[in-house]
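Engineer: Please read through the structure below; I'll follow up with questions.
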Amino acid sequence: MLLRATKYLLLPPAINILLILIAWFLMKRWPKLRLATLLSSILSLWLLSTPLVAISLADLLQNRYPALSINESLNQSQQLGFDAVVILGAGRDYRAEEWQGLTGSAISEIKSHTVSSYGLQRLHYGAVLSRVSGKPMLLTGGRVYGEPLSEAELMQQTLQRWGQEAQWLETESRTTAENALFSAKMLKDENIKRIALVTHGWHMSRSVAIFEKAGFEVVPAPTAFYAMPESLWLQLLPKSSNLEVSSRMLHEVLGQIWYSLRYR
């Protein structure tokens with residue numbers, strides 16, 4: 001928990017606010033340094049809130065693997081040779097009361113949990129890829145904070161509403177590394193080594209590396225790419241949604257650095 005809190009203090013907007021507070025309270029004796037710190041904090045907050053910076057950061061992560069386009073007339077699994085579609089969880093929404101009572105008694109235990117918007121993007125694409133290819137799905141995602149239902153179970157509930165169902169649910173993982181490790185244990189008995197891996201484009205590089213380390217042959221199937229506005233005026237217009245993108249991309253960079261050190 002302490003590590004998680006420290007990590008978010010290094011990301012915007014927390015790091016910008018922290019620098020402003022440091023400049024205000026601790027640097028009164030050095031007015032030039034104080035002014036430089038204040039200006040750099042405000043300027044970086046503005047830049048990170050613009051599409052020009054946010055989408056540029058996203059492009060550095062999401063452009064390594066091209067989209068795996070879905071062609072209804074072509075069996076993608078035959079062309080690319082994967083045997084299962086593995087879809088990574090992406091968190092949950094903790095207040096979705098509109099779904100209460102629609103999925104049986106299990107929903108009453110959690111009252112308002114459902115798949116997050118990021119999770120829905122992955123799940124939607126993975127479900128269509130599974131349907132087109134005819135290959136089964138594995139959903140991977142556990143209980144990060146000890147919730148009653150895992151992310152995989154929440155994803156399965158959503159699939160059932162769509163008239164589909166995953167063959168395997170991996171319900172214990174809390175990180176991308178555990179997604180890979182526990183999924184490998186499940187699919188090893190099925191003699192499945194080559195998979196289509198579904199996650200966001202910006203998350204794909206770290207995911208491919210750790211799934212390959214777990215023993216899989218990976219066909220990257222990225223989804224939900226960010227796009228830069230065409231107008232320069234819009235590229236420089238700050239919005240809170242762009243700040244969220246910048247923070248998420250910097251978080252992913254930290255994750256890649258950590259994984260490169262932790263899982264050599």
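The values are calculated or read from the model by the stated rules, or taken from the named source; none is laboratory data. Given the structure is predicted, the values throughout are model-derived calculations rather than measurements. No Cβ is skipped: glycine too gets one built from the backbone with ideal geometry, and neighbour counts run over all protein chains shown.
Engineer: State whether one or more residues within region 96-107 are at pLDDT 80 or above, crowded, with 16+ Cβ neighbours inside 10 Å and in the same structural domain as Thr199 (by TED's automatic domain parsing).
Structural biologist: yes
Engineer: Could I ask something else about it? Name every residue in region 29-46 that is crowded, with 17+ Cβ neighbours inside 10 Å and not polar (S, T, N, Q), in order of residue number.
Structural biologist: Matches in region 29-46: Arg34, Leu45.
Engineer: Okay, moving on. Answer yes or no: is there a residue in region 207-214 that is of a type outside the set (A, V, I, L, M), in a helix (DSSP H, G or I) and touching a Pro at 6+ places or on another chain (Cβ under 9 Å). Before you say what the answer is, go through the steps one by one.
Structural biologist: The first filter runs over region 207-214 and keeps only residues of a type outside the set (A, V, I, L, M), leaving 207, 211-213.
Going one step further and asking which of them are in a helix (DSSP H, G or I), we end up with 207, 211-213.
Narrowing further to those that are touching a Pro at 6+ places or on another chain (Cβ under 9 Å): 207.
Yes, the conditions are met somewhere in region 207-214.
Engineer: Here is a check on your reading of the model: is Val208 in contact with a strand residue (DSSP E or B) (Cβ under 6 Å, 6 or more places away or on another chain), farther than 28 Å from Leu45 by Cα and touching a residue at least 60 places away in the same chain (Cβ under 8 Å)?
Structural biologist: Yes: the conditions hold for Val208.
Engineer: What single numbered condition from (1) modelled with pLDDT of 95 or more; (2) under 27 Å from Ser69 (Cα atoms) fails to hold for Trp162?
Structural biologist: (1)
Engineer: Return the only residue of Glu190, Glu178 being among the acidic types (Asp, Glu) and in a helix (DSSP H, G or I). Talk me through it step by step, then tell me what you get.
Structural biologist: Values: Glu190 fails: in a helix (DSSP H, G or I).
That would be Glu178, the only listed residue that is among the acidic types (Asp, Glu) and in a helix (DSSP H, G or I).
Engineer: Here's a follow-up. Condition first: assigned to a strand (DSSP E or B) and surrounded by fewer than 18 Cβ atoms within 10 Å (Cβ to Cβ). Now tell me which residues in region 193-206 satisfy that.
Structural biologist: Selection gives Arg194 alone.
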